[in-house]
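Down below is the structure, laid out as structure tokens.
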Amino acid sequence: MARRISGMKGDSSPAGNFRPTREEILKFVKLNPDQAGKRELAKAFNLKGPDRIWLKDLLRELQDEGKLEKRAKRFTRPGALPHIVVLSIDRRDGDGLLMARPMEWPDTNGPAPTVSIKPPRADKARTPGVGDNVLAKVFPTDQDTGPAYTGRVLKILEKRRDAVLGVFRELRDGTFRIEPVERRQDELIVEADYTNGAKSGDLVEVEPISSGRYGLAKAKVTTVLGSMTSEKAVSMIAIHAHDIPHIFPQAALDEAESAKPATTNGREDFRAIPLITIDPADAKDHDDAVHAEPDTDEANPDGHIVTVAIADVAAYVRVGQPLDREALNRGNSVYFPDRVVPMLPERISNDLCSLREGEDRPALAVRMTFTAQGRKLRHSFHRVIMRSAAKVSYPQAQAAIDGNPDEKTAPLLETVLQPLWNAYAALKRGRAAREPLELDLPERKIILKEDGTVDRVIVPDRLDAHKLIEECMIQANVAAAETLEAKRQRLVYRVHDEPSMSKQESLREFLQTVGLSLARGAQMRPAAFNGILARVAGSDHEGLVNEVVLRSQSQAIYSPDNIGHFGLNLRRYAHFTSPIRRYADLLVHRALISALSLGSDGLTKTEEEQLDEISALISSSERRAMAAERETVDRLIASHLATRLDESFQGRISGVTKAGLFVQLPQFGADGFIPISTLGNDYYLFDESARALFGERSRKGYQLADEVEVKLVEVAPLAGAMRFEMLSDPKSLPGSRQSFHKSRNGKATKARNPAKRGRSRRA
């Protein structure tokens, strides 16, 4: 129920009705984070007719002024926590109440807010403690002092643990120490009887066994994970640092091992359809298969029927059972260069659910009919038994289409592959008409040596074979969302909001520095960004503008509230095509099974009621996986380059801050830092709108996306950090004189070079 505001002082509308003040609107939004949509605001203040239009205009003004932000369909104060959030409990206050902070908090928002955890009523099993991570509902407080929020725990995610991950070191005096991976932790002493065979330089897991009032705590080595020179140890750091579950409970393994292959009972027989899987050459699981054929309906000339079959994971992973609980706990598979931490055990992911060539497998299939212009006319879902006609890699399929088939693809070329490419040509026309955001960003892949260390980093070719599968999957995802909406079945959408008003304004200010403009007022569309990117294509500003446009975008999340997918320019979109590696897709499968009466293993009423909490949890798991993957790459590259100190590299400025520059080495895909203290003897100004640092006297400097030459001067492999020195001279920057004048109004910040005073900063 909405929290009312006492003593309202709003004005009257022309019709004599009450209108709230701006302050009353802002206060209502603060106190009612879960009921702050436009419709809820109108209802709370009893606004009707013309007053609703007035409210819409006022909300737009408050967004333009940066006093409100829109998340999904609800308004919130800038920097406010989401209503459902993952928290880390870090202490107790003087009264013994648990205090927590959000697990994820942007540095640009200032210090993370404190949340006071409400004690559970009488459920001891749900009593959290210091060190726990929890999923909680949070509510802002009215107090000017003390915690900014109170929180009610919905689920304890990870119980606190005493194990510490660190590097085992033998000192010159023969004693042993543990250098923790977490910088905030103190070193630990290990006595000779408790080394467990560890050697100096090994990555180990230790358990503290004593702590005195003075000196370092003592610990014993419980697990030796291997040498820090081993790449497997590097990924284990990220697994430990982010609390990624990587060992399956025995109950989940037992359930997986006891699972029997699905039968044909109650399923349509699709085994005669030559569906094929097209995946990376090293893929171990295959969760999607495709097929296309011409539509023989005379009413649809040159049309196509595309079938996408997806592994039927719901047939094996039942709601509330050990496999399901662990899959929800993991949220998704995590991909490292050396290993995969799967969402499901191999018995399920690589065996029973993998659409292996020539083997019967259960699947959920969608048949879609498209016009020659790529417009979908109709679709239908089917629970089937299928048999993959072939397992083909992306390069194999592409080579066959390009005129170089091999023994595997030659028999498939005319009957299977060519019809798929014909259908893709139509889907491409449909995509072009839809105008999604076209940011084609290269994905780097680390190639390892046999000993697990880095060999090289490559950018795999982006083939039409990749794009074909991608577009087929997008259309299948759209069909899933449309079907569930039509059946009024609750589901988890994959939503991507348009850039916030503050990010739009920041982008607008930047574009002015390079002579471009971004329209104000009208609802933003991906085509507006595509137009900007097209205007700078081939120019000196192409890389810079692409980078800034990318950073202006919101982050895609999972939500039961549909706001559409901005980047794909789709009104409704759900993840359906990867249930082996994403829990969101499994939920959509269950929703389809329930909505279409395809079996008894569909979405339960309890799951429907928990979709808000589940969405927040799996969105957090996804961000956790992305951070772990990125940090592992950084550590691997830092270790790889540790022997190349004082070498020079060609780089690209990937970040500009008041403290200095981040530079990415494109050939490795990793970043290093250049402290402002090393940029020279000038006084440097930080221009936020231009994403640049420039000298106050020279009027020259460095800007985001500039190509520069740098020297590697320091490497910290354990932290994945590198420090560079700039070798390239500063250059004249567009708009720098304007930026200098802006600095006097607070738009640019003067950052005095501390080098003259002998101060330095480490990576």
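The values are calculated or read from the model by the stated rules, or taken from the named source; none is laboratory data. Source: prediction; values computed, not measured. Every residue, glycine as well, gets a Cβ built from its backbone with ideal geometry; the counts of neighbours run over all protein chains shown. With ligands, DNA and RNA removed, areas are computed over all heavy atoms of the protein, side chains included. Shrake-Rupley method; radii C 1.70, N 1.55, O 1.52, S 1.80 Å.
Within the bounds of the stretch 206-222, is there any residue that is modelled with pLDDT under 85 and in contact with a His (Cβ under 6 Å, 6 or more places away or on another chain)? Taking every residue of the stretch 206-222 in turn, none turns out to be modelled with pLDDT under 85 and in contact with a His (Cβ under 6 Å, 6 or more places away or on another chain).
Scanning the stretch 541-564 for residues that are among the aliphatic types (A, V, I, L, M) and not in a strand (DSSP E or B) turns up Leu544, Val545, Val548, Val549, Leu550, Ala556, Ile563.
Condition check: part of a helix (DSSP H, G or I) and within 21 Å of Val366 (Cα to Cα). Does Leu533 satisfy that? No; evaluated as a whole, the condition is false for this residue. Residues in the stretch 347-370 that are farther than 16 Å from His291 by Cα and outside any strand (DSSP E or B): Arg347, Ile348, Ser349, Asn350, Asp351, Leu352, Cys353, Ser354, Glu359.
For beta carbons closer than 6 Å, sequence separation of 6+ or different chains, a first residue in the stretch 390-419 that is closer than 15 Å to Lys467 by Cα and a second that is open to solvent by less than 80 Å² (accessible area, probe 1.4 Å) and part of a loop (DSSP other than H, G, I, E, B), the qualifying pairs are Tyr394/Leu463; Gln396/Thr409; Gln398/Leu463.
Residues that are in a loop (DSSP other than H, G, I, E, B), within 38 Å of the chain's Cα centre (by Cα) and surrounded by 13 or more Cβ atoms within 10 Å (Cβ to Cβ) within the stretch 169-195 comprise Val181, Gln185, Glu187, listed in sequence order. Residues in the stretch 33-57 that are among the hydrophobic types (A, V, I, L, M, F, W, C), crowded, with 18+ Cβ neighbours inside 10 Å and part of a helix (DSSP H, G or I): Leu41, Ala44, Leu55.
Results for (1) more than 15 Å from Glu205 (Cα to Cα); (2) touching a Leu at 6+ places or on another chain (Cβ under 8 Å); (3) modelled with pLDDT of 85 or more, shown as yes or no for each residue.
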{"site": "Gly226", "(1), (2), (3)": "no, yes, no"}
{"site": "Glu231", "(1), (2), (3)": "yes, yes, no"}
{"site": "His240", "(1), (2), (3)": "no, yes, no"}
{"site": "Ala259", "(1), (2), (3)": "yes, yes, yes"}
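Just one of the numbered conditions (1) open to solvent by 70 Å² or more (accessible area, probe 1.4 Å); (2) assigned to a helix (DSSP H, G or I); (3) at pLDDT 90 or above is not true of Ala252: (1). Taking (1) of a type outside the set (Val, Ile, Thr); (2) more than 18 Å from Ala289 (Cβ to Cβ); (3) outside any loop (DSSP other than H, G, I, E, B) in turn, Met386 satisfies each apart from (2). With respect to Gly746, determine if the residue is at pLDDT below 85, crowded, with 17+ Cβ neighbours inside 10 Å and in a loop (DSSP other than H, G, I, E, B). So Gly746 fails the test. Checking the conditions here, which among Glu613, Glu607, Glu547 is among the acidic types (Asp, Glu) and under 16 Å from Val317 (Cβ atoms)? Criteria check complete, one pass: Glu607.
Scanning the stretch 479-515 for residues that are open to solvent by 10 Å² or more (accessible area, probe 1.4 Å), touching a helix residue (DSSP H, G or I) at 6+ places or on another chain (Cβ under 6 Å) and either modelled with pLDDT of 85 or more or among the small types (Gly, Ala, Ser) (or both) yields Lys487, Gln489, Arg490.
Yes or no: Asp295 under 20 Å from Leu413 (Cα atoms), in contact (Cβ under 8 Å) with a residue 40 or more places away in the chain and open to solvent by 40 Å² or more (accessible area, probe 1.4 Å)? In short, no. Would you mind stating whether Arg691 is of a type in the set (D, E, K, R), under 26 Å from the mean Cα position of the chain (by Cα) and crowded, with 16+ Cβ neighbours inside 10 Å? Spelling it out, Arg691 is indeed of a type in the set (D, E, K, R), under 26 Å from the mean Cα position of the chain (by Cα) and crowded, with 16+ Cβ neighbours inside 10 Å. Given the conditions (1) at positive phi; (2) out of contact with any Asp or Glu (no Cβ under 7 Å at 6 or more places or on another chain), which single one is not true for Asn569? For Asn569, the exception is condition (2).
Give the residue that is modelled with the lowest pLDDT, with candidates limited to residues of the stretch 643-681 that are among the hydroxyl-bearing types (Ser, Thr, Tyr) and either within 19 Å of Ile446 (Cβ to Cβ) or in a strand (DSSP E or B) (or both). Filtering the stretch 643-681 for residues that are among the hydroxyl-bearing types (Ser, Thr, Tyr) and either within 19 Å of Ile446 (Cβ to Cβ) or in a strand (DSSP E or B) (or both), the one modelled with the lowest pLDDT comes out as Ser654. Looking at (1) without any contact (Cβ under 8 Å) to a residue 60 or more places away in the chain; (2) open to solvent by less than 40 Å² (accessible area, probe 1.4 Å); (3) over 21 Å from the mean Cα position of the chain (by Cα), which is the only condition Glu471 fails? If we test Glu471 against (1) without any contact (Cβ under 8 Å) to a residue 60 or more places away in the chain; (2) open to solvent by less than 40 Å² (accessible area, probe 1.4 Å); (3) over 21 Å from the mean Cα position of the chain (by Cα), just (3) comes out false. Looking for something assigned to a helix (DSSP H, G or I), touching a helix residue (DSSP H, G or I) at 6+ places or on another chain (Cβ under 6 Å), surrounded by 14 or more Cβ atoms within 10 Å (Cβ to Cβ) and not β-branched (Val, Ile, Thr) - is there at least one such residue anywhere in the stretch 446-465? Yes - at least one qualifying residue is present in the stretch 446-465. Checked against (1) outside any strand (DSSP E or B); (2) in contact with a helix residue (DSSP H, G or I) (Cβ under 7 Å, 6 or more places away or on another chain); (3) closer than 26 Å to Ala241 by Cα, Gln63 meets all criteria but (3). On the given criteria, is Leu437 part of a loop (DSSP other than H, G, I, E, B) and under 31 Å from the mean Cα position of the chain (by Cα)? Judged against the criteria, Leu437 is a match. When the criteria are applied in full, Tyr335 fails the requirement of being more than 23 Å from Glu471 (Cβ to Cβ) and within 28 Å of the chain's Cα centre (by Cα). Considering the conditions (1) closer than 30 Å to Asn329 by Cβ; (2) open to solvent by less than 20 Å² (accessible area, probe 1.4 Å); (3) touching a helix residue (DSSP H, G or I) at 6+ places or on another chain (Cβ under 9 Å), Asn562 is excluded by exactly one of them, (2). If you scan the stretch 695-705, which residues turn out to be over 18 Å from Phe668 (Cβ atoms) and in contact with a strand residue (DSSP E or B) (Cβ under 8 Å, 6 or more places away or on another chain)? Those that are over 18 Å from Phe668 (Cβ atoms) and in contact with a strand residue (DSSP E or B) (Cβ under 8 Å, 6 or more places away or on another chain): Gly695, Glu696, Arg699, Lys700, Gly701, Tyr702, Gln703, Leu704. Selection of the stretch 502-552 for residues being touching a Gly at 6+ places or on another chain (Cβ under 7 Å) and over 16 Å from Glu688 (Cβ atoms) yields only Pro526. Scan the stretch 727-737 and give yes if some residue there is small (Gly, Ala, Ser) and modelled with pLDDT under 65, otherwise no. Scanning the stretch 727-737 turns up at least one residue that is small (Gly, Ala, Ser) and modelled with pLDDT under 65.
Taking the listed residues Ala519, Ala527, Ala476, the one that is open to solvent by less than 30 Å² (accessible area, probe 1.4 Å), among the small types (Gly, Ala, Ser) and either more than 30 Å from Arg635 (Cα to Cα) or touching a residue at least 12 places away in the same chain (Cβ under 8 Å) (or both) is Ala476, with no other qualifying.
Scanning the stretch 601-641 for residues that are of a type in the set (A, V, I, L, M, F, W, C) and closer than 22 Å to Ala716 by Cα, we see that the one that is surrounded by the most Cβ atoms within 10 Å (Cβ to Cβ) is Leu636.
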